[in-house]
Amino acid sequence: MGGVARKGMLVYEIYRALSYVVSPLLQLHLRWRKIRGLEHPTRLPERLGRPSLTRPPGPLLWFHAVSLGEGMAAIPVIKECVKWRPDLNILLTTATIEVIINQLPTGVLHQFSPIDTPAAMDAFLDYWNPNAIMLLECELWPNLIMVSSRKGIQLALLNARVSMKSFKLWSAPVLFPLISLLLSKFSLIIPLSSMQGIHFQLLQAPPFIINFAGDLKYAVEYDASKEELRSIDDLKVQLGHRKVWMASSIHRGEEEVMLGVHKVLKQVYPDLVTIIVPRYPQHGKDIAQKLQKEGQLVALRSQHQKIVPGRNIYVVDTLGELRHLYRLTPVAVIGGSFFPGLAGHNISEAAAAGCAVLTGYHVGHFSHMIREMQRLNPLSVLQVTGKLELEEAMLKFFSDAKVLEARQTASKQAFHALSNGIIANAWNVLYFHVLNKALLKGKSGVTIATAIKSYSKKELLAFKLVDAAV
């Protein structure tokens with residue numbers, strides 16, 4: 001073991017001891033979150049590694065995603081896995097259940113993410129005993145990774161990314177040995193961009209485990225129910241031929257920018273409708289309440305209020321509908337990007353719907369997505385510095401149909417070019433580098449020929465496809 005690895009083990013042992021010591025405090029914190037309605041009322045034990053479902057017999061793959069965005073990015077890969085290997089059990093863990101649970105294929109298990117304490121992680125891994133673990137984006141939890149590696153479980157990091165803030169922190173002398181040690185335990189890292197791949201190499205991830213497939217967020221899909229689609233179609237009818245634009249995923253403070261632009265546009269287009277979709281539903285309720293106190297007519301989605309003449313602002317205070325709501329508007333302004341400290345949001349969903357896409361400059365790791373789209377077509381994404389530039393762009397779009405149409409076409413074409421083949425690529429490298437090794441778990445002691453005979457025809461076909469791709 002080299003010097004960096006020895007230091008990494010020392011830092012890990014300190015982390016493990018500290019996580020053991022603070023376990024009681026973390027449990028109290030979870031109970032406090034439950035009281036505040038931030039944890040599921042009946043499934044809190046899952047956060048401590050205690051299962052609420054029976055583990056089915058046979059091989060099991062664990063996809064671990066904390067945030068909603070990470071969970072949604074995992075689902076297309078899960079669907080591809082179900083398509084090619086319906087014999088495998090699949091478990092998805094997330095910190096939230098809204099939206100995601102309705103998108104999972106039939107038979108996929110869901111549990112809440114266990115906290116990264118020794119007791120919770122040991123209990124979780126002992127019970128579920130996964131053959132392979134797919135972590136999403138930047139979920140480098142030391143106890144999870146080290147215990148899994150010790151048990152011989154294959155590890156993959158999908159859509160891997162590290163923010164500049166985290167990169168600087170992880171590169172510091174104290175944490176660098178630990179991060180290097182954790183990354184050495186993976187069999188596969190799929191960065192979401194070439195720059196992210198460089199970041200992971202600088203953090204001493206072994207170069208041979210880094211493979212590229214594209215950004216999984218281009219492939220995110222939301223299956224809508226008939227009722228949801230009917231609701232969107234009903235909104236289309238309510239909007240009629242009025243001028244419409246949407247400000248989506250906005251954070252606190254950004255509503256002032258959007259409402260300022262709304263005020264200017266409304267002077268020119270009195271029948272204008274501005275759709276505001278805050279990042280968090282409570283923010284939407286707060287916006288509507290404030291506007292109503294000012295005497296403005298606002299329609300709130302959770303209250304099923306209609307967009308009638310005289311109502312110019314529609315506030316969406318619900319979750320999981322954004323992708324479908326983009327179908328209502330020719331222009332989408334993606335928030336979380338107008339103030340320092342923010343880090344942007346996924347612009348691909350708006351592009352997929354054929355919207356003209358605008359965003360601010362504080363976009364974090366989504367800068368790679370913007371650069372990719374602009375490289376394919378400079379008209380695909382327009383970045384603006386703030387209110388004045390946003391006003392200017394919106395007035396131009398609404399006054400010149402050809403300019404708006406060119407922007408819409410550019411964003412949709414760029415999206416399709418970038419999203420093509422991503423899931424197939426991800427599945428190929430995942431199967432080749434991780435799953436074929438993981439699925440030999442329990443088949444040790446047999447010859448290669450015997451192992452091959454034990455695979456199904458569909459497994460062998462998958463191997464052939466992977467060999468051809470790789």
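The values are calculated or read from the model by the stated rules, or taken from the named source; none is laboratory data. Only a predicted model underlies this, so the values are computations on that prediction, with no experimental measurement involved. In this analysis, Cβ positions are derived from the backbone assuming ideal geometry, glycine residues included, and neighbour counts consider all displayed protein chains. The accessibility values were calculated without ligands, DNA or RNA, using every heavy atom of the protein model including side chains. Shrake-Rupley method; radii C 1.70, N 1.55, O 1.52, S 1.80 Å.
What is the set of long-range amide H partners of V244 at a cut-off below 5 Å, with H atoms built 1.01 Å from backbone N?
Counting only residues 5 or more places away or on other chains, the set is V273.
Nothing charged except the Cβ atoms of Lys and Arg (+1) and of Asp and Glu (-1): what's the magnitude of the dipole of the stretch 378-434 about its Cα centre? Round to the nearest 20 debye.
Taking the Cα centre of the stretch 378-434 as origin, the dipole is about 140 debye.
Work out from phi, with θ = phi - 60° and the Karplus expression 6.51 cos²θ - 1.76 cosθ + 1.60, the ³J(HN,Hα) of each residue of the stretch 285-295, listed in order in whole Hz, and give x for Gly and Pro.
4, 5, 4, 4, 4, 5, 5, 5, 5, 7, x
Checking the cross-link filter: which aspartates and glutamates have an alpha carbon closer than 20 Å to that of K396, excluding same-chain neighbours under 8 positions apart?
Partners within reach: D271, E405.
Could you work out what % of the accessible surface of the chain is carbon and sulfur, using a 1.4 angstrom probe and leaving DNA, RNA and ligands out of the count?
C and S atoms contribute 59 percent here.
For the pairs K217/K402; K7/K151; K83/K437; K266/K412; K217/K290, note any where the Cα-Cα span goes beyond 25 Å.
Listed pairs above 25 Å: K217/K402; K266/K412; K217/K290.
How big is the dipole moment of the stretch 179-246 about its Cα centre under a simple scheme where the beta carbon of each Lys and Arg is +1, that of each Asp and Glu is -1, and everything else is neutral? Debye, nearest 20, please.
Computed about the Cα centre, the dipole is about 200 debye.
For the peptides 177-185, 320-328, what is the packing order when you average, over each peptide's residues, the other Cβ atoms within 10 Å and list the highest mean first?
177-185, 320-328
Which value, in debye to the nearest 20, gives the size of the charge dipole of the chain about its Cα centre, when Lys and Arg are +1 and Asp and Glu are -1 at the Cβ?
620
So which aspartates and glutamates can K185 reach, going by Cα to Cα under 15 Å and dropping same-chain residues fewer than 8 places off?
The qualifying aspartates and glutamates are E139.
Looking at the stretch 1-93, which trypsin sites (Lys or Arg not before Pro) are in a loop (DSSP not H, G, I, E or B) and have at most 13 other Cβ atoms within 10 Å?
Taking the stretch 1-93 and a limit of 13 other Cβ atoms within 10 Å, the loop trypsin sites (Lys or Arg not before Pro) found are R36.
Between the stretch 259-279 and the stretch 227-252, how far is it from one alpha carbon centroid to the other, in angstrom?
Cα centroid to Cα centroid, the span is 13 Å.
Which of the peptides 305-314, 291-300 is most tightly packed, and how do the rest follow, judged by the mean count of other Cβ atoms within 10 Å per residue?
Taking the mean over residues of other Cβ atoms within 10 Å, the ranking is 305-314, 291-300.
Given an 8 Å cut-off on Cα distances and at least 6 residues of separation, report the relative contact order of the stretch 54-165 as a percent.
For the stretch 54-165, the relative contact order is 29 percent.
Post the alpha-carbon centroid distance, the stretch 21-76 to the stretch 411-432, in whole angstrom.
That distance is 29 Å.
What accessible area per residue comes out for the chain, rounded to a whole number of Å², with a 1.4 Å probe?
On a per-residue basis, 45 Å².
What full-extension length gain, to one decimal in nm, is calculated for T54 and A5 as 0.36 nm per residue of separation minus the Cα-Cα distance?
Stretched out fully, the T54 to A5 stretch lengthens by 13.9 nm.
Give the long-range amide H neighbours of Q154: residues separated by 5 or more places, or on another chain, with amide H under 5 Å away, using H modelled in the peptide plane at 1.01 Å from N.
HN-HN under 5 Å from Q154: I133.
How big is the stretch 139-230 in terms of Cα radius of gyration and Dmax, in angstroms?
According to the Cα coordinates of the stretch 139-230, Rg and Dmax are 16.1, 56 Å.
What is the distance in Å between the Cα centres of the stretch 135-176 and the stretch 367-390?
31
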